[in-house]
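Working notes, structure below.
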Amino acid sequence: MSWIREGELSLLERLTANVLKAGPMPKHVAFIMDGNRRYAQKRHVERQEGHTQGFDKLAETLRWCLNLGIHEVTVYAFSIENFKRSKEEVGGLMELAKEKFLRLLDEQCFLNVCFAYTSRHEIANAVKEMAWGVEQGLIKSSDVSEALLNECLYTSSSPNPDLLIRTSGEVRLSDFLLWQTSHSCIVFQSILWPEYSFWNLCEAILQYQQNHHAIQKAREVHREGQAVQQLESDHSCVAELLQHRGNGKPVDPQCRQTALQSYAASREERVQRFIGALQQKRDTFFDHLLSPTAVA
Amino acid sequence: MALLYELVWRLLHCLLQLQRAAAAWIRGRVWRRGGRLCRRAALRLPGALGFSTQKKTAKPRRVRWVADGKALEKLPLHVGLLVAEEEQQYTDIANLVVWCMAVGISYVSVYDNEGVFRRNNSRLMEEIMKQQQELLGSESCKYSLEFLNNGTDPHALLCQTVVKVLSPDDGKLRIVQAAQQLCKAVEKKERTSKDIDVTVLDSLLRESKNIPDPDLVLKFGPVDSTLGFLPWHIRLTEFISLPSHKDVSYEDFLSALRRYASCEQRVGK
């Protein structure tokens, strides 16, 4: 039985979905599902009940996303900071997560759950991985770039979220995907997460569509900047190399151009080898985690 | 059928654009009319309101601003002014910086995602000095402004506001540069990869040691994105949006500060 709530959209919801889909749609949406405890307080129920309703709402939202053609969703389930909560609440959340997420494994979309996560830890870990690469002799420190850092994040196999939604009226990011959402459309909605509706999601998508052109333009400017940075870095590496090899004589432009192309190609090769090694290291880590001896 | 949906979609977005344009027009009219009304009232009641152009009423305006700052439950230590608009009005940004100063905010960052303010740093600084004189009159000498460039540490002085002009290079690029620095140290065997953690990276990214993370970012313009503003430093920053920095009023600024004062940060608890 599917955990993602079965059930089609109503006629009006389907019509609205079709209208929205005529415009640009986000392919990857991130949610900060905030407001479970305030909801519980409002309804005079236990906190745990608020969290349960929150998980059920996630299931419903995933169904809406699938209907809208959004095939990747990332959610902030539990922050490292949340360990500050009572033992009872933390335990309850862990149990709920275990129960609900196991049932998700049959579904055909991507749900990324950030658990015991903060963005700063993720970024620092990515830098650590690159340093490991340097230690192993796989890459040089001059190979470090924004693109390489992207490959070292936990989210490396996903595109950056197009849209980030935070519910409950709070207007901050709380250490969630700080790097990945630098050029995302960010929508803050005042509704509490367990009360989230299809119409709230449509409202957020509408805002995404209104911002689409300006954000695409900003992303383009940023990409151009990245390309310039890479070229400058390659130039300076090549200049150093040529100076090292040369004997004080000026290098002709043709020779410099060829050296630049060959340097860029070898850099790419190094980077690909490093990414391969990193993937292998991660696979080994997960295999070990899931092995019979580890689970015991 | 697809054509019909597309037509409805276009109509919907057209209406939303019209709504936005109408809101901007109304805001413009209200501000201008409000300004006219205030100027008329100011002539009748000199010194009562802050909009008079006469020199002798500059003092009550500053006093009011200081009082406003003290009356807030919570005042941000560091405010970021994020301009997500196509055109930049230096006078309006300068006004915002001076109001921050008058109200008691210690650090102000100015940012736009194309680095325009950074490239025209001196023009902005001149404008801020000019508005400081204009808005604070004879009292402006009591306030000292420090413009920070890369690598310098602010001097700790009372009644001082530190202003820093930022660009996208201070965001992801800065993080990449810090990563390169750490990797170079590993290359030279001065460090191991195991040494690298959040604290190490944070201290590298906090080159001016005394500047705290922004508590509040005032975002101006219709774009709902941080547009590359200091990704590392904004983990707990509150974002308050204002429609535009052009002709922004002190009242708009104060109501954003009041909204900030009323928010509660649980930090995971």
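Just to verify a result, which residue in the stretch B:168-189, among those that are open to solvent by 40 Å² or more (accessible area, probe 1.4 Å) and within 7 Å of another protein chain (Cβ to nearest Cβ), is nearest to B:Thr226 (Cα to Cα)?
B:Gln180
Considering the stretch B:85-95 alone, what residues qualify as being open to solvent by less than 10 Å² (accessible area, probe 1.4 Å) and either in contact with a strand residue (DSSP E or B) (Cβ under 9 Å, 6 or more places away or on another chain) or of a type in the set (S, T, N, Q) (or both)?
Looking only at the stretch B:85-95, we keep the residues that are open to solvent by less than 10 Å² (accessible area, probe 1.4 Å), and these are B:93-94.
B:Ile93, the sole residue that qualifies.
For A:Asn150, work out the one condition from (1) under 30 Å from A:Tyr39 (Cβ atoms); (2) surrounded by fewer than 19 Cβ atoms within 10 Å (Cβ to Cβ) it doesn't fulfil.
(1)
Among residues belonging to the stretch A:171-191 that are open to solvent by 20 Å² or more (accessible area, probe 1.4 Å) and in contact (Cβ under 8 Å) with a residue 40 or more places away in the chain, point out the one that is nearest to the other protein chains (Cβ to nearest Cβ).
The residue in question is A:Ser174.
Could you list, in sequence order, all residues of the stretch B:61-76 that are under 16 Å from B:Phe239 (Cα atoms) and either open to solvent by 40 Å² or more (accessible area, probe 1.4 Å) or in a strand (DSSP E or B) (or both)?
Of the stretch B:61-76, the ones under 16 Å from B:Phe239 (Cα atoms) are B:74-76.
Those that are under 16 Å from B:Phe239 (Cα atoms) and either open to solvent by 40 Å² or more (accessible area, probe 1.4 Å) or in a strand (DSSP E or B) (or both): B:Lys74, B:Leu75.
Which residues, counting only those in the stretch A:180-204, are within 18 Å of the chain's Cα centre (by Cα) and β-branched (Val, Ile, Thr)?
Result: A:Thr181, A:Ile186, A:Val187.
Quick test of your reading of the structure: A:Ser158 fulfils all but one of (1) without any contact (Cβ under 8 Å) to a residue 40 or more places away in the chain; (2) more than 7 Å from every other protein chain (Cβ to nearest Cβ); (3) of a type in the set (Ser, Thr, Tyr). Name the failing condition by number.
Condition (1) is where A:Ser158 drops out.
B:Thr192 versus (1) without any contact (Cβ under 8 Å) to a residue 60 or more places away in the chain; (2) more than 8 Å from chain A (Cβ to nearest Cβ); (3) loosely packed, with under 15 Cβ neighbours inside 10 Å: which is the lone unmet condition?
(2)
Which residues, taken from the stretch A:119-155, are small (Gly, Ala, Ser) and either touching a residue at least 24 places away in the same chain (Cβ under 8 Å) or out of contact with any Cys (no Cβ under 6 Å at 6 or more places or on another chain) (or both)? It would help to see each step written out before you state the result.
Within the stretch A:119-155, the first condition is being small (Gly, Ala, Ser), and the residues that meet it are A:119, A:124, A:126, A:131, A:133, A:137, A:141-142, A:145, A:147.
Of everything in the stretch A:119-155, those that are small (Gly, Ala, Ser) and either touching a residue at least 24 places away in the same chain (Cβ under 8 Å) or out of contact with any Cys (no Cβ under 6 Å at 6 or more places or on another chain) (or both) turn out to be A:Ser119, A:Ala124, A:Ala126, A:Gly133, A:Gly137, A:Ser142, A:Ser145, A:Ala147.
Would you point out which residue out of A:Thr167, A:Thr155 is at negative phi and in contact with a helix residue (DSSP H, G or I) (Cβ under 6 Å, 6 or more places away or on another chain)? Steps first, answer last, please.
Details: A:Thr155 fails: in contact with a helix residue (DSSP H, G or I) (Cβ under 6 Å, 6 or more places away or on another chain).
Going through A:Thr167, A:Thr155 in turn, the sole match is A:Thr167.
Being crowded, with 24+ Cβ neighbours inside 10 Å, of a type outside the set (Phe, Trp, Tyr) and either over 14 Å from the mean Cα position of the chain (by Cα) or part of a helix (DSSP H, G or I) (or both) narrows it down to one of B:Val79, B:Val98, B:Val110, so name that one. Break it down into steps so the answer makes sense when it comes.
Details: B:Val79 fails: either over 14 Å from the mean Cα position of the chain (by Cα) or part of a helix (DSSP H, G or I) (or both); B:Val110 fails: either over 14 Å from the mean Cα position of the chain (by Cα) or part of a helix (DSSP H, G or I) (or both).
Among B:Val79, B:Val98, B:Val110, only B:Val98 is crowded, with 24+ Cβ neighbours inside 10 Å, of a type outside the set (Phe, Trp, Tyr) and either over 14 Å from the mean Cα position of the chain (by Cα) or part of a helix (DSSP H, G or I) (or both).
Any chance you could count how many residues in the stretch B:117-129 are of a type in the set (A, V, I, L, M, F, W, C), surrounded by fewer than 18 Cβ atoms within 10 Å (Cβ to Cβ) and under 26 Å from A:Asn211 (Cβ atoms)?
Qualifying residue count for the region: 0.
Report whether or not A:Arg219 is of a type in the set (Lys, Arg), under 27 Å from A:Gln53 (Cα atoms) and within 18 Å of the chain's Cα centre (by Cα). Let's see the steps before the verdict.
Working: of a type in the set (Lys, Arg): yes; under 27 Å from A:Gln53 (Cα atoms): no; within 18 Å of the chain's Cα centre (by Cα): yes.
No.
Would you check if A:Ile205 is open to solvent by 10 Å² or more (accessible area, probe 1.4 Å), within 28 Å of A:Phe55 (Cα to Cα) and of a type in the set (A, V, I, L, M, F, W, C)? Spell out how you get there, then give the answer.
On the way: open to solvent by 10 Å² or more (accessible area, probe 1.4 Å): no; within 28 Å of A:Phe55 (Cα to Cα): yes; of a type in the set (A, V, I, L, M, F, W, C): yes.
Considered against the rule, which asks whether it is open to solvent by 10 Å² or more (accessible area, probe 1.4 Å), within 28 Å of A:Phe55 (Cα to Cα) and of a type in the set (A, V, I, L, M, F, W, C), A:Ile205 comes out as no.
Restricting the search to the stretch B:164-208, which residues are out of contact with any helix residue (DSSP H, G or I) (no Cβ under 8 Å at 6 or more places or on another chain) and either closer than 26 Å to B:His78 by Cβ or among the aromatic types (Phe, Trp, Tyr) (or both)?
Within the stretch B:164-208, B:Lys164, B:Asp170, B:Gly171, B:Gln177, B:Thr199, B:Ser203, B:Arg206, B:Glu207, B:Ser208 meet the criteria.
Hey, any hits in the stretch B:205-217 for a residue that's within 8 Å of another protein chain (Cβ to nearest Cβ) and either in contact (Cβ under 8 Å) with a residue 60 or more places away in the chain or surrounded by fewer than 23 Cβ atoms within 10 Å (Cβ to Cβ) (or both)?
Filtering the stretch B:205-217 for residues within 8 Å of another protein chain (Cβ to nearest Cβ) gives none.
Taking every residue of the stretch B:205-217 in turn, none turns out to be within 8 Å of another protein chain (Cβ to nearest Cβ) and either in contact (Cβ under 8 Å) with a residue 60 or more places away in the chain or surrounded by fewer than 23 Cβ atoms within 10 Å (Cβ to Cβ) (or both).
Under the condition of being open to solvent by 50 Å² or more (accessible area, probe 1.4 Å) and within 14 Å of another protein chain (Cβ to nearest Cβ), which residue from the stretch A:89-123 is modelled with the lowest pLDDT?
A:Phe115
Among the residues of the stretch A:29-47, which ones are of a type in the set (S, T, N, Q) and surrounded by 18 or more Cβ atoms within 10 Å (Cβ to Cβ)?
The one that is of a type in the set (S, T, N, Q) and surrounded by 18 or more Cβ atoms within 10 Å (Cβ to Cβ): A:Asn36.
Would you check which residues across the stretch A:124-138 are open to solvent by less than 30 Å² (accessible area, probe 1.4 Å), more than 7 Å from chain B (Cβ to nearest Cβ) and closer than 25 Å to B:Asp170 by Cβ and list them? Break it down stepwise before answering.
Going residue by residue through the stretch A:124-138, those that are open to solvent by less than 30 Å² (accessible area, probe 1.4 Å) are A:124, A:126-127, A:129-131, A:133-134.
The next check asks that each one be more than 7 Å from chain B (Cβ to nearest Cβ); those that pass are A:126, A:129, A:133.
Matches in the stretch A:124-138: A:Ala126, A:Glu129.
Kindly indicate the residue of the stretch A:153-168 that is open to solvent by 10 Å² or more (accessible area, probe 1.4 Å) and hydroxyl-bearing (Ser, Thr, Tyr) and also nearest to the chain's Cα centre (by Cα) among those meeting that condition.
A:Thr155
Answer yes or no: is there a residue in the stretch A:214-221 that is within 14 Å of chain B (Cβ to nearest Cβ), surrounded by fewer than 19 Cβ atoms within 10 Å (Cβ to Cβ) and touching a helix residue (DSSP H, G or I) at 6+ places or on another chain (Cβ under 9 Å). It would help to see each step written out before you state the result.
Looking only at the stretch A:214-221, we keep the residues that are within 14 Å of chain B (Cβ to nearest Cβ), and these are A:214-221.
Still in the running and surrounded by fewer than 19 Cβ atoms within 10 Å (Cβ to Cβ): A:216-217, A:219-221.
From the residues that got through so far, the ones that are touching a helix residue (DSSP H, G or I) at 6+ places or on another chain (Cβ under 9 Å) too are A:221.
Checking the stretch A:214-221: at least one residue is within 14 Å of chain B (Cβ to nearest Cβ), surrounded by fewer than 19 Cβ atoms within 10 Å (Cβ to Cβ) and touching a helix residue (DSSP H, G or I) at 6+ places or on another chain (Cβ under 9 Å).
Does the stretch B:222-243 hold any residues that are open to solvent by 10 Å² or more (accessible area, probe 1.4 Å), touching a strand residue (DSSP E or B) at 6+ places or on another chain (Cβ under 6 Å) and more than 7 Å from chain A (Cβ to nearest Cβ), and which are they?
Result: B:Ser241, B:Leu242.
The values are calculated or read from the model by the stated rules, or taken from the named source; none is laboratory data. Everything numeric in this text was worked out from a predicted model, so none of it was measured. All Cβ positions, even for glycine, are placed from backbone atoms using ideal geometry, and neighbour counts span all protein chains on display. Remember, those area values only see protein heavy atoms, side chains included, never the ligands or the DNA or RNA. Shrake-Rupley method; radii C 1.70, N 1.55, O 1.52, S 1.80 Å.
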